[in-house]
Amino acid sequence: MYISLEKAIIFLKLEINKLENKEQKVVEKDTYLREKYDLYTPLKGVGIMTFAVIVGETNGFTLFNNQKQLVCYAHYDIIQNQSGQRHGKTRISKKGNTQIRIILHMSSLSAVNNEIPVLKNIKGRVFDRTAIKMKESVAVQRKMLVLMYTLWKKNETFYSIFGISSIQESKPLCSVL
C-alpha cells in the first residue's frame, strides 16, 4: 500500500507540472497576458498557477468596477452575526468563489514567508489585535487579492522593497514657505 501511495504522489506531481507548463505556454502566446503576468513577477507567492486561477475566475477583472465588488465576489467580506440583542462573532461569508480563496491561501503563506513588507505588516497587525492565526491569514489573502486587482487595473509593477507600485509619486509631508 505504501508503494502505491508513492506512485500516486509521483503521478500527481507530474500532472501538476504538465498543467503549469500548459498555463505557461498560454500566457507566453498571448502578449496581453504576458505583459500583465510580468507585473506580478516581483510579488513573491504569485506564480503562474495563482495568476491563471485569479485571471480565469475573475475574467481578467472585467466584471468589477472597484475593490469592494471584487472582495464581495471572492467572499472575503465580513458578515454580521446578530439578532435583536444578541451579537455574535463576525466572520467572512464563504458562499462565493472558493477557487480564489483556495489558491490565495498557499500564495499568501509564501508571500509572508518571503517577507513582503506590506503583507507581513498586515499579518502582524491583525495577529496583535486578535491573536487568531486564521484571521491574519484571511487578511493577507484579501490584501493580496486587492493588490493584484490594483496592479492589473493601473498596469503597474509591484516593488516589494517599498510595498508600492511603480508610478506612485512621493508627496511632501508639509509645505515649506
- Query: Along each of its three principal axes, how wide is the spread of alpha-carbon positions in the chain, in whole angstrom units, largest first?
  - Reply: 69, 51, 31
- Query: Taking R0 as 41 Å, what's the FRET efficiency between Q85 and L12 from their Cβ-Cβ distance, rounded to 0.05?
  - Reply: 0.20
- Task: Evaluate the relative contact order of the chain (contact order divided by residue number), counting alpha-carbon pairs under 8 angstrom at least 6 apart; express in whole percent.
- Result: 23 percent
- Exposure proxy check: L19, L70, L14 ranked by fewest other beta carbons within 10 Å? L14, L19, L70
- Item | Summed residue charge, Cβ within 13 Å of G124's Cβ, Lys/Arg positive, Asp/Glu negative | +4
- Once Lys and Arg get +1 and Asp and Glu get -1 on their Cβ, which of L39, T150, Q82 lies farthest toward the positive end of the dipole of the chain? Q82
- Task: Take peptides 115-123, 135-143, 26-34 and line them up by average Cβ neighbours within 10 Å, highest first, as a rough protection proxy.
- Result: 135-143, 115-123, 26-34
- Task: Kindly flag which residue pairs out of K68/K143; K44/K120; K36/K95 have an alpha-carbon separation exceeding 18 Å in this structure.
- Result: K36/K95
- Query: Of the chymotrypsin sites (Phe, Trp or Tyr not before Pro) in the range 73-136, which ones lie in a loop per DSSP and count no more than 11 other C-beta atoms within 10 Å?
  - Reply: none
- Message: Counting only other residues whose beta carbon sits under 14 Å from that of E115, what net charge do I get with K and R as +1, D and E as -1?
- Response: +3
- Message: Let's test the formula: R0 of 25 Å, r as the Cβ-Cβ distance of K95 and F127. What FRET efficiency results, to the nearest 0.05?
- Response: 0.45
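Here, each number is a calculation from the coordinates, and none is a lab measurement. Bear in mind the structure is a predicted one, so any value in this text is a computation, not a measurement. Because the Cβ atoms are built from the backbone with ideal geometry, glycine has one as well, and the counts that use them run over all protein chains shown.
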